[in-house]
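Inspection log for the structure reproduced underneath, given as C-alpha cells.
The values are calculated or read from the model by the stated rules, or taken from the named source; none is laboratory data. Quantities reported herein were computed from a predicted structural model and do not represent experimental measurements. So basically every Cβ, Gly included, is an ideal-geometry build from the backbone, and we count neighbours across all protein chains shown.
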Amino acid sequence: MSAWVAGRGEPLRGRVRVPGDKSVSHRAVMLGAIAEGSTRIEGFLEGEDTRATARGFSALGVRVDAPAPNLRIVHGVGLHGLAAPSAALDCGNAGTGMRLLAGLLAGQRFDSLLVGDESLSRRPMRRVTGPLAAMGARIDTGEGGVPPLRIHGGQALHGMEHRTAVASAQVKSALLLAGLYADGPTTVVEPTPTRDYTERMLRAFGADIDFVPGRARLVPGPVLRGREVRVPADFSSAAFFLVAASIVPGSDLVLEAVGTNPRRTGLLAALRLMGADIRVLGEGEEGGEPVADLHVRHAPLHGIDVPADLVPDMIDEFPVLFAAAACAEGVTRVTGAAELRVKESDRIAAMATGLRALGVEVEEFPDGAAIRGGGVRGGGIDSRGDHRIAMSFAVLAQRATGEVRVDDVDNVATSFPGFVDLARGTGMALRAG
C-alpha cells in the first residue's frame, strides 16, 4: 500500500492493544543474544525495524526462533560468543538498531559493516561514532558522517566518563553497550534525561549498573543471564489513538497495557496541559517497565507552550502533537526540538508543509514551530517515507472537512504493522489510496 485516503470517521470506541514497544523489542534481542542461556520475548513487535535487528543477530551466529507471531526465543551465546558476519548487516530503516549495534560491535574481535535503507543512510552517526572513538573504537562512516558504518574489530575499549552533547537515548545506549567490553567503568552524563530502557534492561539481565535521570554508570564484568521479557504496548503507537480520540467528538477509548516509562510519556503530560481527558488505570509492571491502561475521551483542546522539560520525553511523538495542535483553540509553540530535523525525515519541515497544505497556519523555527489551531481542510500530503508523519496525518484527517490523501506510507510497517486495520476497528476512516 503506497498511499492512504483518510477522512471523517466515527467516534473512536472500544478497547484495543497496540503492538509491542519497538525500543524494548530491539534491546531484548540484543541483550538476549549476548547473555548466557535463552531469552523468551513475548509481545515482540513484528515490525520491519525489529525484524532487521533479529536478522542481524542471526547473521552474527545467534539462533533466534520465532515459534509464533510476536514471540522470539533468543539462544544467547554470551558476551564474547558473537561470530563474524559473512556480509553487511542490513539495519533497514532502524536508527535505533544501527546506533546500538555500533556500540555493541565496537568491542568485538571481528570487523563488521552496518548498512541501511535510503532514509537511514542520510541520518547522522557521528554523535555515536565520536564518543565511541574516544573509548578506543575505530568506526568509519560515509561522507558527511552518515552510514554505512565500517566497524574495525580487535580494539581495546577504555571505560571513561562521557558528557554527551545531545540528549539522545540511542547515543547513551550505544556507549553503555560498548562499556560491557571496556576495561573499566563507563559513565554517561546527559544534558537532559532521556529514556532509560537500556539501563532498566541491563539491570534485569544482571549487569552492574546504577542510574538516575540524566546519569548512568556501568561496571563491566558480570555475566548477563537470559530471562523472560514481556514487551509492553508501545506508547509511541498508542499516541496516535490518544490524539485521535481526544480530537474526535464522542470518542471513548481504552488502550490496554501501554508502557508508561516516565522518560517516554511526555506527550501524555502535554496533552493533559492542552485539556485532554486521559486517565491512567490499572498500573503495573511488565519486564521491568511500568505499564497501565489509558482511558481517553474527547475533550476540547487549547494551545500551549510545550514545556522544555517535556521535549526529550516526547521526541518521537511531536508529529502527532502537531496534529493535535491543529485542532486546538489558539497557538501551540514547540521549541528545543531540533532533534526532529534529523529523524527519518526532517519532521518539523514535513509537518509544517503538510499542515499548510491542509489550511493550517504554521510558523517554522529551527528547533520547533508554532501551530495555530482552526479548521482543517482536505488535500494531499507527502509523508516523505516517514511512518510517524503518515500516521499523524491519518489521525488529523479525522477532523478534516474533506478527504486527505497521504502518499508514501510503506514505511509504516517499520513500527506499526496492522495500523490500518486497528484504526478502522476503532472507527477511523482510512483506506488504500
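May I ask you to list the residues in the range 235-265 that are in a loop (DSSP other than H, G, I, E, B) and in contact with a Leu (Cβ under 7 Å, 6 or more places away or on another chain)?
Once the filter is applied, which keeps residues that are in a loop (DSSP other than H, G, I, E, B) and in contact with a Leu (Cβ under 7 Å, 6 or more places away or on another chain), the range 235-265 yields VAL248, SER251.
Checking the condition under 21 Å from GLU256 (Cα atoms) and modelled with pLDDT under 95, which residue from GLY14, GLY47 passes?
Exactly one residue qualifies, and that residue is GLY47.
Restricting to the range 1-11, and then to whatever is under 24 Å from the mean Cα position of the chain (by Cα) and surrounded by fewer than 23 Cβ atoms within 10 Å (Cβ to Cβ), can you tell me which residue is modelled with the lowest pLDDT?
Among those residues, the one meeting the criterion is MET1.
In the set ALA244, ALA178, which member is assigned by TED's automatic domain parsing to the domain that holds LEU101 and either touching a Gly at 6+ places or on another chain (Cβ under 6 Å) or touching a residue at least 12 places away in the same chain (Cβ under 8 Å) (or both)?
ALA178
Inspect all residues belonging to the range 370-383 and state whether any of them is in a strand (DSSP E or B), charged (D, E, K, R), touching a helix residue (DSSP H, G or I) at 6+ places or on another chain (Cβ under 9 Å) and touching a residue at least 40 places away in the same chain (Cβ under 8 Å).
yes
Check LEU268, LEU175 and return the single one that is assigned to a helix (DSSP H, G or I), touching a Pro at 6+ places or on another chain (Cβ under 7 Å) and either hydrophobic (A, V, I, L, M, F, W, C) or modelled with pLDDT under 95 (or both).
Going through LEU268, LEU175 in turn, just one is assigned to a helix (DSSP H, G or I), touching a Pro at 6+ places or on another chain (Cβ under 7 Å) and either hydrophobic (A, V, I, L, M, F, W, C) or modelled with pLDDT under 95 (or both): LEU175.
Limited to the range 347-363, what total is found for residues that are buried (at least 16 other Cβ atoms within 10 Å of the Cβ) and in a strand (DSSP E or B)?
Residues flagged as buried (at least 16 other Cβ atoms within 10 Å of the Cβ) and in a strand (DSSP E or B) within the range 347-363 amount to 1.
Restricted to the range 386-406, and to residues that are touching a Ser or Thr at 6+ places or on another chain (Cβ under 6 Å) and not β-branched (Val, Ile, Thr), which residue is modelled with the highest pLDDT?
The selected residue is ALA390.
Any chance the range 237-252 includes a residue that's over 30 Å from ALA6 (Cβ atoms) and surrounded by 24 or more Cβ atoms within 10 Å (Cβ to Cβ)?
No, every residue in the range 237-252 fails to be over 30 Å from ALA6 (Cβ atoms) and surrounded by 24 or more Cβ atoms within 10 Å (Cβ to Cβ).
Which of the residues belonging to the range 90-128 are over 19 Å from THR53 (Cβ atoms) and part of a helix (DSSP H, G or I)?
Of everything in the range 90-128, those that are over 19 Å from THR53 (Cβ atoms) and part of a helix (DSSP H, G or I) turn out to be ARG122, ARG126, ARG127.
Just a yes or no: is a residue in the range 241-249 under 18 Å from the mean Cα position of the chain (by Cα) and closer than 22 Å to TYR197 by Cβ?
The answer is yes, given that some residue of the range 241-249 is under 18 Å from the mean Cα position of the chain (by Cα) and closer than 22 Å to TYR197 by Cβ.
Kindly provide the set of residues from the range 197-211 that are out of contact with any strand residue (DSSP E or B) (no Cβ under 6 Å at 6 or more places or on another chain) and closer than 19 Å to THR260 by Cβ, ordered by number.
Scanning the range 197-211 gives TYR197, THR198, ARG200, MET201, ALA204, PHE211.
Any chance you could count how many residues in the range 198-234 are in a strand (DSSP E or B), touching a Gly at 6+ places or on another chain (Cβ under 7 Å) and small (Gly, Ala, Ser)?
Residues that pass the stated criteria total 1.
I'm checking my understanding of the structure. Among residues of the range 98-148 that are basic (Lys, Arg) and within 24 Å of ASP410 (Cα to Cα), which one is surrounded by the most Cβ atoms within 10 Å (Cβ to Cβ)?
Filtering first and then ranking leaves ARG99.
So that you can scan it fast, the table gives a plain yes or no per residue for (1) of a type in the set (D, E, K, R); (2) closer than 23 Å to ILE34 by Cβ:
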site	(1), (2)
THR141	no, no
PRO147	no, yes
ARG150	yes, yes
GLN155	no, yes
HIS158	no, yes
VAL166	no, no
VAL171	no, yes
ALA174	no, yes
LEU180	no, yes
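Give SER38, SER25 a once-over and let me know the one that is part of a strand (DSSP E or B) and either under 16 Å from the mean Cα position of the chain (by Cα) or not assigned by TED's automatic domain parsing to the domain that holds SER236 (or both).
Testing whether each residue is part of a strand (DSSP E or B) and either under 16 Å from the mean Cα position of the chain (by Cα) or not assigned by TED's automatic domain parsing to the domain that holds SER236 (or both) leaves just SER38.
Select from the range 64-117 the residues that are in contact (Cβ under 8 Å) with a residue 40 or more places away in the chain and of a type in the set (Asp, Glu) and list them in ascending order.
ASP111
Run down GLY288, GLY259 and say which single residue is more than 28 Å from ARG372 (Cα to Cα), touching a residue at least 60 places away in the same chain (Cβ under 8 Å) and surrounded by 22 or more Cβ atoms within 10 Å (Cβ to Cβ).
It is GLY259.
Among the listed residues LEU89, LEU45, which satisfies the condition of being more than 21 Å from GLY288 (Cβ to Cβ), touching a helix residue (DSSP H, G or I) at 6+ places or on another chain (Cβ under 6 Å) and crowded, with 24+ Cβ neighbours inside 10 Å?
LEU89 is the lone residue from the list that is more than 21 Å from GLY288 (Cβ to Cβ), touching a helix residue (DSSP H, G or I) at 6+ places or on another chain (Cβ under 6 Å) and crowded, with 24+ Cβ neighbours inside 10 Å.
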